[in-house]
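Just so it is clear, none of the values below were taken in a lab; they were calculated from the coordinates. Treat the numbers as computed from the prediction; the structure is a model and nothing was measured. All Cβ positions, glycine included, derive from the backbone under ideal geometry; neighbour counts span all protein chains shown.
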Amino acid sequence: MKDIEEKLGGQFRKINSVVHDWPRFVHESSGIVFQYVPGGTYSMGFSEGEEQSARVLSSVLQLNIDEMRPIQRKTIPDLLVSITPVLNKSVREDLVGDSYFPAYFDRSDALNFSGAMGCRLPRESEWEYLCRAGTKTLFSFGDKLPPEDELERLINSDFENLDALTCNNFGLYGMSNPEWCQEKFATSLADGAPLLDGSYVVRGGGAYFWPWQDEEWVWCVSAMRSPSSALEDGQACLRLVRDLPD
């Protein structure tokens, strides 16, 4: 992995932290920690099996199934990914008490912040791959809702003490926050599906609505997607992705 440091021009340094033998790196100038995520191929979208699991939890689903289909096979390259969304402490210093909570960006600010670091927003297919982290279940944590104390460790948005939280199988935290993706929002996963004017893809959101009312757990479904036109104040969180040179 020393090769990664060299290829990235000294911008990242390997640190003494690993998840399943996959290393972490710190971005030298910002202090933001990134996880090395191995690439792979997976099925993107809301499978029939996941729909069955969802209907066990609720007979009437508060989600648009057509937007999450048809299932697409996607191949994702190796990536460096920030282990949390970008936090307030990396953006501004005047939010006393909220430094370790996710920062919210409008789209232009998200693009500017990521670009200034030599990073980018995740593609939608990458985001779902990162969220699933090798799982094929309704949620990244299974097909059922765990007890509330366990859920709290999964979706808590206070990242000051990561040891008190639960990461996914790729070592990523907070994938339940609403996060910007690169693409404009299409009305389905079909190739050439119509675009929703002016909207971009936002993934995640379960943490935003916590504690949940009614069926708001649907925002933790790995395949769940929404248009940016539905955002309050047009803002969402930012997960940084850094491409790895060949």
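Among Leu240, Leu196, Gln213, which residue has its Cα furthest toward the positive end of the charge dipole of the stretch 2-243, with +1 on Lys/Arg Cβ and -1 on Asp/Glu Cβ?
Leu240
Once you order the gyration tensor axes a ≥ b ≥ c over the Cα atoms, which shape class does the stretch 62-178 get: rounded for a/c under 1.5, otherwise prolate or oblate by comparing a/b with b/c?
It is oblate, given that a/c is not under 1.5 and a/b is not larger than b/c.
At a threshold of 8 angstrom on Cα-Cα distance, excluding pairs fewer than six apart, so keeping six or more, what relative contact order does the stretch 2-243 reach in percent?
Reported as a whole number, the value is 23 percent.
All other residues with a Cβ under 12 Å from the Cβ of Ala236 taken together, and with Lys, Arg as +1 and Asp, Glu as -1, what is their net charge?
Every neighbour counted, the sum reads -2.
So for Leu154, Leu138, fewest C-beta neighbours within 10 Å to most, what's the order?
Leu154, Leu138
May I ask you to list the aspartates and glutamates whose Cα is less than 15 Å away from that of Lys14, ignoring any residue fewer than eight positions away on the same chain?
Here the aspartates and glutamates satisfying the reach criterion relative to Lys14 are Asp3, Glu5, Glu6, Glu28.
Counting Lys +1, Arg +1, Asp -1, Glu -1, what net charge surrounds Tyr173 among other residues with beta carbon under 14 Å of its beta carbon?
Charge balance near Tyr173 sits at -2.
When only C-alpha pairs under 8 Å and at least 6 residues apart count, what is the relative contact order of the stretch 1-82, in percent?
After rounding, I find 28 percent.
Taking θ as phi - 60°, what are the ³J(HN,Hα) couplings along the stretch 236-246 by the Karplus curve (6.51, -1.76, 1.60), each to the nearest whole Hz, with x for Gly and Pro?
8, 7, 10, 9, 7, 10, 10, 5, 9, x, 5
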